[in-house]
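Engineer: One structure follows; several queries about it will come next.
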Amino acid sequence: MYQIMGHFEKYYKDGYVLVENVYSHAELDECVHEITEYCNTNPQRLFRAGGISIPDFLGRHHLPITHKMKDTDKIHDTLRVIFGGDNYRFCGHNDIGVNRTVGWHKDKLNGDVERYQVHDIWKEHKGEKHEIVKVLTYLEDHSKDNDGLKVVPGSHLKREINEAGAIQLRPKKGDVIIFDQRITHRGMERPCKDLRILVSMGFGKKNIFTDEFEKGTMVRQNRQNGVK
């Protein structure tokens, strides 16, 4: 099954897994062309914070080729293993980052939108628990540089942000990283000289934790897109 079953235990222990050869180079090159063209022709629609971001590109931006990434069979084959079946859904969290820099963090609701996450994401509620993942795809090769994702294995089970034990991931072009969004992670520390595009999408178990996260996420993304 596409080398998936061997990833299962690693994912739950470390909080992430790297799935190889999900996309062809040609598929990703089409996305790069579409995204760079969009950025060049729609500068007023970009959100700028530590680089360029296109929040909610699936819902509010015309990028039909890149939109197809959400329905890639190989991604959903892996997600079915992680979630133990089809009881999961896209949870609204999606963006494209172009040469963005960001410090250590966990992908949870912060600031004023934190109020939407009523239930503690590190505790169970009525037999359910927080099970939300981010599917991360770099559109370039990062197998020989340090511009890819850094993670702290096992930190998805810890509330605090502590970068001790961090490792550098080096995905090849076409690989996909799937991680529990509570994991402590970061991207580049400083802008790189070459183009670096990152496509992110979130999927969660169909439960109250995902519902609450989606509500806060959509408020945040709408605000970034200038929508009240």
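What follows draws every value from the coordinates through simple rules; no lab data is involved. Quick caveat, the model's predicted, so the values are computed rather than measured. Because the Cβ atoms are built from the backbone with ideal geometry, glycine has one as well, and the counts that use them run over all protein chains shown.
Engineer: Would you list H125, H130 from fewest to most Cβ contacts within 10 Å?
Structural biologist: H125, H130
Engineer: Take the Cα gyration tensor of the stretch 102-176, multiply each eigenvalue by 5, square-root it, and list the three semi-axes largest first, rounded to whole angstrom.
Structural biologist: 28, 14, 13
Engineer: Now for a separate question. Return Y12, Y138, Y88 ranked ascending by Cβ neighbour count within 10 Å, so the fewest neighbours appear first.
Structural biologist: Listing Y12, Y138, Y88 from fewest to most nearby Cβ atoms yields Y12, Y88, Y138.
Engineer: Express the Stokes-Einstein translational diffusion coefficient of the stretch 111-228 in µm² s⁻¹, to the nearest whole number, given a Kirkwood radius over alpha-carbon pairs, 20 °C and a viscosity of 1.002 mPa s.
Structural biologist: The diffusion coefficient I find is 134 µm²/s.
Engineer: Considering only Cα-Cα distances, which of the following residue pairs are longer than 24 Å: K70/K193; K74/K172; K126/K228; K134/K158; K70/K108; K13/K106?
Structural biologist: The pairs that break the limit, which is 24 Å between Cα atoms, are K70/K193; K126/K228.
Engineer: Over the stretch 123-179, what is the relative contact order in percent, taking alpha-carbon pairs closer than 8 angstrom and at least six residues apart?
Structural biologist: Dividing the mean separation by the residue count of the stretch 123-179 yields 46 percent.
Engineer: Determine the calculated [θ] at 222 nm for the chain from helices alone, applying -39500 (n - 2.57) to every DSSP H run no shorter than 4 residues and normalising by the residue count; nearest 500 deg cm²/dmol.
Structural biologist: So the calculated ellipticity at 222 nm is -8000 deg cm²/dmol.
Engineer: Of T36, T66, T137, which is the most mobile in a GNM of the chain whose springs link Cα atoms less than 10 angstrom apart?
Structural biologist: T36
Engineer: Of K228, K172, how do they rank once you tally other Cβ atoms within 10 Å and put the fewest first?
Structural biologist: Least crowded to most crowded, the residues run K228, K172.
Engineer: Moving to a separate point now. Where the centre of each part is set by its Cα atoms, how far does the stretch 110-138 sit from the stretch 168-228, in angstrom?
Structural biologist: 13 Å
Engineer: For a Förster distance of 25 Å, can you work out the FRET efficiency between the beta-carbons of W104 and N222, rounded to the nearest 0.05?
Structural biologist: Given R0 = 25 Å and the Cβ-Cβ separation, E is 0.45.
Engineer: Just the C-alpha atoms of the chain: what Rg/Rh do they give, with Rh taken as the Kirkwood radius?
Structural biologist: Rg/Rh for the chain comes to 0.93.
Engineer: Shifting gears a bit: Classify the stretch 158-204 as rounded, prolate or oblate from the Cα gyration tensor: take a ≥ b ≥ c as the square roots of its eigenvalues, call it rounded if a/c is under 1.5, otherwise prolate when a/b beats b/c and oblate if not.
Structural biologist: Because a/c hits 1.5 or more and a/b fails to exceed b/c, the stretch 158-204 counts as oblate.
Engineer: What is the mean projected area of the alpha carbon convex hull for the stretch 13-109, to one decimal in square nanometres?
Structural biologist: So the mean shadow area of the Cα hull is 7.8 nm².
Engineer: With an 8 Å cut-off on Cα pairs and a minimum separation of 6 or more residues, tell me the relative contact order of the stretch 5-224 in percent.
Structural biologist: About 32 percent, as a whole number.
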